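Nothing in this text is a laboratory measurement; each read-out follows from the coordinates by a stated rule. No experiment lies behind these values; they were computed from the predicted model shown. Quick reminder, even Gly has a Cβ in these numbers, built from the backbone with ideal geometry, and neighbours come from all protein chains shown.
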Amino acid sequence: MIRTEISARGIATLTLDRPDAANRTNDAMLDAIADCLARFAADDAVRVLLIRATGKHFCAGADIGKHHEASQTGAPPRFPETLLAIEQFPKPAICLVQGGAVGGGAAIAAACDIVLAEHGAFFSIPEVRIGMPAGALVPLFTRAIGYRQLRRYALTGERIPAAEALRIGLAHALYETGAEDAALAPILDALLLGAPGAQAETKRIAAAHASQALDPAGMLALDDNIAEVLRSPEMQEGMAAFLGKRKPSWYRE
């Protein structure tokens with residue numbers, strides 16, 4: 001579900017590797033990511049984290065089937081902890097996005113320090129379209145794109161094309177298909193010129209002074225009622241519409 005490697009220069013690559021499912025995350029995948037991040041954070045040989053994915057899409061969010069199962073059992077998703085582990089990773093983190101970065105996939109990108117997106121890529125925060133709030137994703141997106149932009153895109157669920165993602169700050173640069181390594185090279189080199197301790201402290205200070213406070217308790221509190229939300233009539237209808245590939249009942253022509 002994921003692949004990892006560390007280069008001689010200290011670039012630790014975490015690759016989402018579930019292309020047949022558009023790299024949607026499930027609990028096993030999230031656990032593997034968490035373990036990988038903890039290992040990389042503790043390894044002094046690691047200087048930079050690079051998150052990328054195989055296949056057509058970067059990540060289409062959480063596995064909708066698993067969410068549907070959770071709606072029956074009341075089990076909360078593990079996404080908040082994973083996003084916090086990325087956002088609070090003590091070393092520079094880069095995200096390379098191709099295809100779609102949807103919901104939690106877009107939040108993974110928002111949690112990274114630097115995002116490079118393919119020209120044809122798109123992002124979206126579509127949770128309202130299946131009857132649930134964006135919940136724990138909201139603070140990350142508010143930090144990344146600001147309150148006004150968050151309200152538009154989290155309320156509409158519409159796609160954010162790569163060029164628009166660049167304009168609003170969700171992406172830092174765009175690259176042509178097949179040219180990701182060329183786009184990465186100067187950024188990696190610049191990051192490696194920075195002192196590791198100074199970079200970690202800069203990230204800590206920046207997080208402490210960001211306009212939207214982020215802490216584990218606060219993030220998890222946003223999803224405290226997730227079991228109730230997952231069982232709500234809106235969520236059940238949203239899931240049924242998504243899985244049935246139809247418009248939800250609240251949509252009017």
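Miscellaneous remarks
- Translational diffusion coefficient of segment 127-202 (Stokes-Einstein, Kirkwood radius from Cα pairs, 25 °C, 0.890 mPa s): 165 µm²/s.
- Helix runs (DSSP H) in the chain reaching 20 Å along axis by Cα, Kyte-Doolittle at least -0.5: 27-42
- Beta bridges per DSSP with both ends in segment 2-177, % antiparallel, nearest 5: 25
- Relative packing of peptides 19-25, 143-149, 53-59, 42-48 - highest average C-beta neighbours within 10 Å first: 53-59, 19-25, 143-149, 42-48
- Reported to the nearest whole Å, the Cα centre-to-centre distance from segment 170-198 to segment 107-160 is 22.
- Local electrostatic count at G157 - Lys and Arg +1, Asp and Glu -1, tallied over other residues with Cβ under 11 Å: +1
- Kirkwood radius and radius of gyration were both taken over the C-alpha atoms of segment 2-177, and their ratio Rg/Rh is 0.95.
- Over 31 Å apart at the Cα level, from the set K56/K247; K91/K245; K56/K91, are K91/K245.
- Environment charge of A195, counting only residues whose C-beta is closer than 11 Å and scoring Lys/Arg +1, Asp/Glu -1: 0
- Interchain or long-range residues, amide H under 5 Å from I2's placed H: D17
- Annotation: cysteines of the chain without a disulfide-compatible partner (Cβ-Cβ under 4.7 angstrom) are C36, C59.
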